[in-house]
Amino acid sequence: MTKKLESLLVGGENETECGSWALGLNFKSPTFNFDRNLVKGRVLKLLKVKDDKFSLALEIGAGEKLFSIIVENEITASVLIKNNCFEDEDKVTLIPNANVKNDHLPKPEDFSKI
């Protein structure tokens, strides 16, 4: 991972400077018995890059989408948005887990052909 992205993940030397606040996932529960495990986390924290040489390409390619939040399903996303559960955020992008696909990614053996 690049040093900038790594500092975001671990909090960096100066949390205010590196923006680690953006990685925090603070939200209020829409109901008393809401299962917080339905909110999986930010894309950035859920991804694992096997080889660091691809980290910068991932950062550039994915850009702001790395800060999107993965949730279990469309219903969870809808409930969270309708109840304004992310009021501390200026903008929130919720991605239902069912919508996450990797069909368009080449298989590892195809990378040698590129």
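The values are calculated or read from the model by the stated rules, or taken from the named source; none is laboratory data. As the structure is a computational prediction, the values presented were derived from the model and not from experiment. Because the Cβ atoms are built from the backbone with ideal geometry, glycine has one as well, and the counts that use them run over all protein chains shown.
Annotations
- If only residues of segment 39-55 that are closer than 24 Å to K91 by Cα and aliphatic (A, V, I, L, M) are counted, the one that is surrounded by the most Cβ atoms within 10 Å (Cβ to Cβ) is V39.
- All conditions in (1) at pLDDT 90 or above; (2) hydrophobic (A, V, I, L, M, F, W, C); (3) in contact with a Leu (Cβ under 9 Å, 6 or more places away or on another chain) hold for I60, with the sole exception of (3).
- Which listed residue, of D103, D88, D110, is more than 14 Å from the chain's Cα centre (by Cα), of a type in the set (D, E, K, R), at pLDDT below 80 and surrounded by 11 or more Cβ atoms within 10 Å (Cβ to Cβ): D88
- Filtered by the rule that a residue be of a type in the set (D, E, K, R) and more than 10 Å from the chain's Cα centre (by Cα), segment 22-54 gives K28, D35, R36, K48, K50, D51, D52, K53.
- Test: residue in segment 55-71 that is more than 16 Å from the chain's Cα centre (by Cα) and not in a helix (DSSP H, G or I): no
- Selection status of R42, in contact with a helix residue (DSSP H, G or I) (Cβ under 8 Å, 6 or more places away or on another chain) and not small (G, A, S): yes
- Verdict on I75 being farther than 18 Å from F32 by Cα and either out of contact with any Cys (no Cβ under 7 Å at 6 or more places or on another chain) or surrounded by 14 or more Cβ atoms within 10 Å (Cβ to Cβ) (or both): no
- Close contacts from segment 54-82, counting a first residue that is in contact (Cβ under 8 Å) with a residue 24 or more places away in the chain and a second that is crowded, with 16+ Cβ neighbours inside 10 Å and of a type in the set (G, A, S), with Cβ to Cβ under 6 Å and a gap of 6+ residues or different chains, come to V71/A77.
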